[in-house]
Amino acid sequence: MKLITSTEELASACARFATQPFVTVDTEFMRETTYYPKLCLIQIAAPDGSTALVDPLAPDIDLAPFFALMGDEAVLKVFHSARQDLEIIWLLGGLLPQPFFDTQVAAMVCGYGDSVSYEQLVNDVAKAKIDKSSRFTDWSRRPLSDAQLSYALSDVTHLIKVYEALGKELIATDRGAWLDEEMAVLTSPDTYRADPEQAWRRLSSRMRKAREIAVLMEVAAWREREAQTRNVPRGRILKDEAVIDLATSAPRSVEALGRLRTIPAGFERSRTGADILAAVERGLSRDPGTVPTPERGRARSGGNGALVELLKVLLKAVCEEERVAPKIIATVDDLEALAEDDAADVPVLHGWRRGLFGEKALALKAGRLALSAEGGRVVVRELPPEA
């Protein structure tokens with residue numbers, strides 16, 4: 001197994017791959033100590049048996065041929081659980097693979113569960129075993145061992161059989177269109193844009209007051225910008241608990257900042273401490289009327305908890321019958337919205353999801369459907385219309 005370390009070798013390999021109907025792709029990266037992922041290895045395989053292991057850390061290599069292959073619309077790019085791989089391609093190459101196929105999403109549609117592991121999928125579909133002993137090794141260190149390279153290459157060679165089997169199943173069940181929405185999200189640049197102004201949303205579930213959210217917005221945005229600029233994990237700048245503490249307490253002086261238990265000792269008198277206080281002040285100066293409020297669970301506030309639980313049981317029963325993962329049909333938020341409003345604007349009431357589950361959910365709410373237990377399984381029955 002030879003690593004490709006030059007642009008010329010990479011261009012030659014990508015030219016071969018460009019003649020194939022599809023290629024399987026994976027990456028190895030590190031991001032424990034950085035904000036942005038550090039690409040350490042690229043693996044590619046094709047159905048004709050050709051493979052490539054590309055060293056993006058080689059001093060003179062230009063990855064342009066690889067990015068050109070990713071953008072080649074004549075070649076399907078197949079990944080498993082592609083979100084982080086696609087983020088790297090977007091950040092370094094400024095594009096997202098087209099056309100594109102994610103076997104993890106396909107596996108959910110084909111009944112392998114909400115988050116089937118690649119190892120299990122290879123075992124079930126390709127009837128092969130993967131040695132995972134190299135999974136958590138340091139991919140940035142050189143030279144890479146034979147064991148590392150063998151593990152990395154197996155990820156894409158086995159993926160060929162996985163893709164072919166899932167593709168056949170999707171055709172046989174006529175479910176190919178079910179993947180379109182998920183694939184569209186994964187290949188949208190908006191999915192990978194880390195907007196500091198939206199960083200507050202991830203932490204907003206504990207917030208109740210406009211004043212708290214206003215401060216949270218400013219402090220979270222400041223932390224995100226700092227992490228991006230310094231290329232370090234956001235937790236290295238400030239822990240989540242500290243950001244939430246700042247939002248709820250809103251310290252306005254060095255002394256008040258120093259009294260917070262989540263702020264390291266002496267932090268308050270540093271430049272960072274001054275930046276935090278400035279962010280707090282910006283938050284406090286916001287007009288409360290313009291501060292957005294996070295969307296909360298409708299059912300928990302509307303008293304529909306029991307109905308939501310019934311809808312969960314119905315969803316599981318339908319998904320077991322249809323051999324599809326519940327996650328791709330409806331989220332808990334979808335069910336909560338549906339419990340409150342028959343006309344809720346949620347995916348489960350549109351397209352194929354409505355036919356598969358949405359209509360049954362509405363029938364259950366209207367008393368036209370019943371759930372019962374028979375032989376250890378939940379059975380869905382239509383009730384006869386009232387006379």
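The values are calculated or read from the model by the stated rules, or taken from the named source; none is laboratory data. What you see is a predicted model, and the numbers here were worked out from it, not measured in a lab. Positions of Cβ are backbone-derived with ideal geometry, glycine not excepted, and every protein chain shown enters the neighbour counts. We work out accessible area using only protein heavy atoms, side chains counted, and drop any ligands, DNA or RNA first. Shrake-Rupley method; radii C 1.70, N 1.55, O 1.52, S 1.80 Å.
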For helices (runs of 4 or more DSSP H) lying entirely in region 74-149, having 2 or more residues that are touching a helix residue (DSSP H, G or I) at 6+ places or on another chain (Cβ under 8 Å) and among the aliphatic types (A, V, I, L, M) picks out 83-93, 103-109
Candidate set: region 55-92, residues that are more than 18 Å from A152 (Cβ to Cβ) and of a type in the set (D, E); chosen: the one farthest from the chain's Cα centre (by Cα): D60
Taking L121, is it touching a His at 6+ places or on another chain (Cβ under 8 Å), open to solvent by less than 40 Å² (accessible area, probe 1.4 Å) and closer than 18 Å to K327 by Cβ? yes
Give the residues of region 239-271 that are over 15 Å from V215 (Cβ atoms), crowded, with 16+ Cβ neighbours inside 10 Å and β-branched (V, I, T), sorted by residue number. none
Among (1) open to solvent by 40 Å² or more (accessible area, probe 1.4 Å); (2) modelled with pLDDT of 95 or more; (3) under 20 Å from the mean Cα position of the chain (by Cα), where does E224 come up short? (1)
Given the criteria crowded, with 16+ Cβ neighbours inside 10 Å and among the charged types (D, E, K, R), does R377 qualify? no
Residues within region 11-51 that are among the charged types (D, E, K, R), in contact with a Lys or Arg (Cβ under 9 Å, 6 or more places away or on another chain) and part of a strand (DSSP E or B), tallied: 1
Do you know which residues across region 1-47 are among the basic types (K, R) and under 28 Å from the mean Cα position of the chain (by Cα)? R31, K38
Is it true that T27 is surrounded by fewer than 19 Cβ atoms within 10 Å (Cβ to Cβ) and either outside the structural domain of A184 (by the TED database) or of a type in the set (V, I, T) (or both)? no
Region 193-213 - residue that is open to solvent by less than 30 Å² (accessible area, probe 1.4 Å) and either without any contact (Cβ under 8 Å) to a residue 24 or more places away in the chain or in contact with a Leu (Cβ under 7 Å, 6 or more places away or on another chain) (or both) and, of those, farthest from P288 (Cα to Cα): L203
So if I check each of E241, E255, E281, which one is part of a helix (DSSP H, G or I) and more than 24 Å from A194 (Cα to Cα)? E255
Hey, T229 assigned to a helix (DSSP H, G or I) and open to solvent by less than 70 Å² (accessible area, probe 1.4 Å) or not: no
